[in-house]
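Novice: Below you will find the structure I want to go over with you.
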Amino acid sequence: MNKGKLIVLSGFSGAGKGTVIKRLREKYDYSLSISATTRAPREGEVDGKDYYFKTVDEFKSLIDYNGLIEWAQYVDNYYGTPRKFVEEEMAAGKNVILEIEVQGAMKIKAQYPNAILIFVTTKDIETLRERLTSRGTETAEVIQKRISRAAEEAESMEAYEFIVINDDLETCVDAVNAIVVSESCKKENRTQFLIDIKRQLDEL
Ligand code: 5GP
């Protein structure tokens, strides 16, 4: 009954999801799932903090023993969400953020129908290209692949319940939190409260 919520945050590569999540966690109380990936670490990325960096064989064995709640291939690499952390945190009543791409998000929704699916985007594609270029972490070829992938992902945006534009960071962060708070207040998520309050009234 008091289980925490699963919040799936997706968005174009370069939309600023990482920054949004960092700020969200500074301001509010959220757990963040750390994914496993076969992608090489970017400069400054730390194993166990940004990702669990795996070889393809290691990743495949994670799949084999059901250690991931979802996984997907994205621009030549595998990415997946470790099961244990998510299940434990939710059981402890924590709201858990998954920063994952569209295919993974759909797999999560199928398994956890109450998951909240939020798509974060820049206000236009030009801003996206600028952000990817100025980050300086990817080659021109990879940037182009990520822009092409964004075109595919845009088609899946419709599958998300919420679309948040990351123009001003604080506004975006507060919007994401407001979505989660209002979902928690829905009467479907207040069943135990309704039972309790009616019982208290009956006892008067
Ligand atoms: P990046 O290489 O930029 O860190 O991530 C590339 C894409 O993979 C992003 O869209 C990110 O949200 C997604 N991603 C990261 N972790 C996971 C995961 O565990 N599962 C899935 N399906 N996608 C992920």
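Novice: When you go through ILE63, ILE34 one by one, which is the residue that is under 26 Å from GLU153 (Cα atoms), more than 10 Å from the ligand (Cβ to nearest atom), at pLDDT 95 or above and among the β-branched types (Val, Ile, Thr)?
Specialist: ILE63
Novice: When only residues in segment 32-86 that are among the β-branched types (Val, Ile, Thr) and within 19 Å of ALA115 (Cβ to Cβ) count, which is surrounded by the most Cβ atoms within 10 Å (Cβ to Cβ)?
Specialist: From segment 32-86, those among the β-branched types (Val, Ile, Thr) are 34, 37-38, 46, 55-56, 63, 69, 75, 81, 86; that's our starting set.
If we keep only those that are within 19 Å of ALA115 (Cβ to Cβ) as well, we get 34, 69, 81, 86.
Details: ILE34: 15, ILE69: 22, THR81: 25, VAL86: 22.
Within segment 32-86, the match that is surrounded by the most Cβ atoms within 10 Å (Cβ to Cβ) is THR81.
Novice: Can you tell me which residue among ALA105, ALA151 is out of contact with any strand residue (DSSP E or B) (no Cβ under 6 Å at 6 or more places or on another chain) and either among the aliphatic types (A, V, I, L, M) or at pLDDT below 95 (or both)?
Specialist: Selected residue: ALA151, the only one of ALA105, ALA151 that is out of contact with any strand residue (DSSP E or B) (no Cβ under 6 Å at 6 or more places or on another chain) and either among the aliphatic types (A, V, I, L, M) or at pLDDT below 95 (or both).
Novice: Also, quick follow-up: Here is a check on your reading of the model: is LYS49 more than 9 Å from the ligand (Cβ to nearest atom) and either polar (S, T, N, Q) or within 29 Å of GLU130 (Cα to Cα) (or both)?
Specialist: On the way: more than 9 Å from the ligand (Cβ to nearest atom): yes; either polar (S, T, N, Q) or within 29 Å of GLU130 (Cα to Cα) (or both): yes.
When the stated conditions are applied, LYS49 passes them.
Novice: While we're looking at this one, here's another question. Report yes if ASP76 is farther than 26 Å from ASN177 by Cβ and more than 13 Å from the ligand (Cβ to nearest atom), otherwise no.
Specialist: no
Novice: Can you tell which of GLU138, GLU89, GLU99 is within 30 Å of LYS186 (Cα to Cα), buried (at least 16 other Cβ atoms within 10 Å of the Cβ) and within 13 Å of the ligand (Cβ to nearest atom)?
Specialist: One residue alone meets the criteria, GLU99.
Novice: What pairs can you find where one residue is in segment 42-66 and free of Cβ contacts under 8 Å to residues at least 40 places away in the same chain, the other is outside any helix (DSSP H, G or I) and exposed (fewer than 10 other Cβ atoms within 10 Å of the Cβ), and their Cβ atoms are less than 9 Å apart, with a gap of 6+ or different chains?
Specialist: The qualifying pairs are ASP50/GLY44; PHE53/ALA40.
The values are calculated or read from the model by the stated rules, or taken from the named source; none is laboratory data. Remember, predicted model here, so these are calculated numbers, not experimental data. Cβ atoms come from the backbone with ideal geometry, glycine included; neighbour counts cover every protein chain shown.
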